[in-house]
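**Student:** One structure coming up, written as structure tokens, with questions to follow.
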Amino acid sequence: MLIPAHVKEMFYKDRAELLYGNAIAGFIATLSAGSLLVFGFYNLEIQTEKYLWLTVLFIVVFGRFLDLRYWHKINQNKDYNGKNAVNRFIFGTLITGIIWSLYCFCFVQYATIKELACMIIILSAFAGGAATVLAAHMVGAMCYTFILLGPPSLILLLSPEDYKTILGLMGIVFGGVMIFTAKKSADFTSNAIRLKNENAELVNQMEHKVAQRTEEIYQLSNLDPLTGLFNRSAFMKHLDSKLEASE
């Protein structure tokens, strides 16, 4: 079935509403978790690099916050491009995921057991949250989950230390489950949004047809088909209403 362009646009706008609606909580969680890892596990050997990583994270999140403010501004105009808004949000999300993955890639070899445990918990929590927070965009949710858990799990899996290998294996398994869960959640959300907009379009069409039919009935009942003027019945009704008004 061919979907009208304006229905597709409403579909993207609903997606943008869901994605941007959860943005602030995500920003707070991201900055809090990043600060915890950098300041909570001080390592003189790599602390400068950690500060640099945290600075980049803050810059990216600030950029995404500006995009959120911009979306709130253009959202006042109902003619804004929903697809572009969704693409901007997903792009920022994937960049954030890459930065988290780089933290693990750069610092996992220096991490203590406690820091490594916190790192895995944080990434797993973000991956789990993506299944619902990013449910409005299936590809984005799946890619974000893979970026968060895929590379770090592979690094740990190839480690010569047994406990890191086990953590890497668990990360791969959990990542696979989360990717599958993200797909199922996104399918459900997309179907719900599609049905909502298709039903709204159907209601609009029905209302338009009712208005058309009402107009046709009025014309058949009150207008002469040849001249387009009031027929006798309509003329008498109009005359009666004028007489009543003049009394």
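**Student:** Hand me the chymotrypsin sites (Phe, Trp or Tyr not before Pro) from the stretch 81-160 located in a DSSP loop with no more than 16 other Cβ atoms within 10 Å, in residue order please.
**Tutor:** Answer by residue number: there is no such site.
**Student:** Using θ = phi - 60° and the Karplus relation 6.51 cos²θ - 1.76 cosθ + 1.60, list the HN-Hα couplings for the stretch 157-171 in order, rounded to whole Hz, with x at every Gly or Pro.
**Tutor:** These are the phi-based 3J(HN,Hα) values: 5, 8, 6, x, 7, 4, 5, 6, 4, 5, 4, x, 5, 5, x Hz.
**Student:** From the protein chains alone at 1.4 Å, what is the descending order of accessible area for F58, F41, largest first?
**Tutor:** F58, F41
**Student:** Whenever you get a sec, compute what percent of the accessible area on the stretch 7-166 sits on carbon and sulfur atoms (1.4 Å probe).
**Tutor:** Answer for the stretch 7-166 is 70 percent, counting heavy atoms of protein chains only.
**Student:** Now for a separate question. Rounded to the nearest Å, what's the spacing between the alpha carbon centres of the stretch 22-54 and the stretch 88-136? Just the number, please.
**Tutor:** 11
**Student:** Please work out how much accessible surface E49 shows to a 1.4 Å probe, ignoring ligands, DNA and RNA, in Å² rounded to 10.
**Tutor:** 90
**Student:** What figure in square angstrom, to the nearest 10, would you give for the accessible area of K114 with a 1.4 Å probe?
**Tutor:** Looks like 150 Å² after rounding.
**Student:** Show me, for the stretch 180-189, the HN-Hα J-couplings you get by feeding each phi into the Karplus relation (A = 6.51, B = -1.76, C = 1.60, θ = phi - 60°), rounded to Hz, glycine and proline as x.
**Tutor:** Result, rounded to whole Hz: 5, 5, 4, 5, 5, 5, 5, 4, 4, 5.
**Student:** Hey, which of these cross-link pairs are over 24 Å Cα-Cα: K50/K184; K13/K73; K50/K183?
**Tutor:** In this structure, K50/K184; K50/K183 lie more than 24 Å apart at Cα.
**Student:** Report the net charge of residues surrounding L94, where surrounding means a beta-carbon distance below 13 angstrom and charges are Lys +1, Arg +1, Asp -1, Glu -1.
**Tutor:** Net local charge, L94 excluded: +2.
**Student:** Then there is this: Find, to one decimal place in angstroms, the Kirkwood hydrodynamic radius of the stretch 1-138, where the mean of 1/r is taken over every pair of different Cα atoms and then inverted.
**Tutor:** Across the stretch 1-138, the inverse of the average 1/r is 16.5 Å.
The values are calculated or read from the model by the stated rules, or taken from the named source; none is laboratory data. Note that the structure is predicted; figures quoted are calculated from it, not measured. Every residue, glycine as well, gets a Cβ built from its backbone with ideal geometry; the counts of neighbours run over all protein chains shown. To get the accessible areas, we keep the full protein, side chains included, count just its heavy atoms, and leave off ligands, DNA and RNA. Shrake-Rupley method; radii C 1.70, N 1.55, O 1.52, S 1.80 Å.
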